[in-house]
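J.: Have a look at this one.
The values are calculated or read from the model by the stated rules, or taken from the named source; none is laboratory data. Keep in mind it's a predicted model, so treat the numbers as computed, not measured. Here the Cβ positions follow ideal geometry from the backbone for every residue, glycine too, while neighbour counts run over all protein chains shown. All accessible areas refer to the heavy atoms of the entire protein, side chains included, with ligands and DNA or RNA removed. Shrake-Rupley method; radii C 1.70, N 1.55, O 1.52, S 1.80 Å.
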Amino acid sequence: MTHVVLESCIRCKYTDCVDVCPVDCFREGPNFLTIDPDECIDCAVCIPECPVNAIVPEEDVPGNQQHMIQLNADLAKNWPSITKRKGPLLDADDWKDRTGKLDELIK
């Protein structure tokens, strides 16, 4: 099993989770992070680090977010690894509580 980054990460991209990942499974896009399912070891240390609760075990992905499982896998194939924390996007605080952000994703 793996963990999945949900839509709530879009346009926020807090990277607190990256610092604690023991296997460097996070990948970075322009305004979103994804987890490479082939690298994730299901340790769950990233979950409490996310300030917008955007990371969940695959089996706990809500029904309206099921598309994010495949999206994480697809994007992880092309995006570079991120291994150190960076600052969030400049307007992250404006976006952190919004829902339905899939149309905002920059691939």
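J.: In the stretch 91-107, what residues are part of a loop (DSSP other than H, G, I, E, B), under 23 Å from ASP19 (Cβ atoms) and modelled with pLDDT of 95 or more?
T.: ASP91
J.: How many residues, within the stretch 48-64, are touching a strand residue (DSSP E or B) at 6+ places or on another chain (Cβ under 7 Å) and either acidic (Asp, Glu) or open to solvent by 20 Å² or more (accessible area, probe 1.4 Å) (or both)?
T.: Residues flagged as touching a strand residue (DSSP E or B) at 6+ places or on another chain (Cβ under 7 Å) and either acidic (Asp, Glu) or open to solvent by 20 Å² or more (accessible area, probe 1.4 Å) (or both) within the stretch 48-64 amount to 3.
J.: Under 7 Å by Cβ, and 6 or more places apart or on different chains, what pairs join a residue from the stretch 88-107 that is in contact (Cβ under 8 Å) with a residue 12 or more places away in the chain with one that is assigned to a loop (DSSP other than H, G, I, E, B) and among the aromatic types (Phe, Trp, Tyr)?
T.: PRO88/TYR14; ALA92/TYR14; LEU105/PHE32
J.: Given the condition outside any loop (DSSP other than H, G, I, E, B) and polar (S, T, N, Q), answer yes or no: does some residue in the stretch 2-15 qualify?
T.: Yes - at least one qualifying residue is present in the stretch 2-15.
J.: If you check every pair at least six apart or on different chains, which have Cβ atoms under 7 Å apart with a residue in the stretch 35-55 that is over 9 Å from THR2 (Cα atoms) first and a residue that is among the small types (Gly, Ala, Ser) and open to solvent by less than 70 Å² (accessible area, probe 1.4 Å) second?
T.: Here the result reads VAL52/SER8; ASN53/SER8; ALA54/SER8, each pair linking the stretch 35-55 to a residue that is among the small types (Gly, Ala, Ser) and open to solvent by less than 70 Å² (accessible area, probe 1.4 Å).
J.: OK, next. If I ask for residues that are open to solvent by 30 Å² or more (accessible area, probe 1.4 Å), out of contact with any Asp or Glu (no Cβ under 8 Å at 6 or more places or on another chain) and without any contact (Cβ under 8 Å) to a residue 60 or more places away in the chain, which ones from the stretch 1-34 would you list?
T.: Those that are open to solvent by 30 Å² or more (accessible area, probe 1.4 Å), out of contact with any Asp or Glu (no Cβ under 8 Å at 6 or more places or on another chain) and without any contact (Cβ under 8 Å) to a residue 60 or more places away in the chain: PRO22, GLU28.
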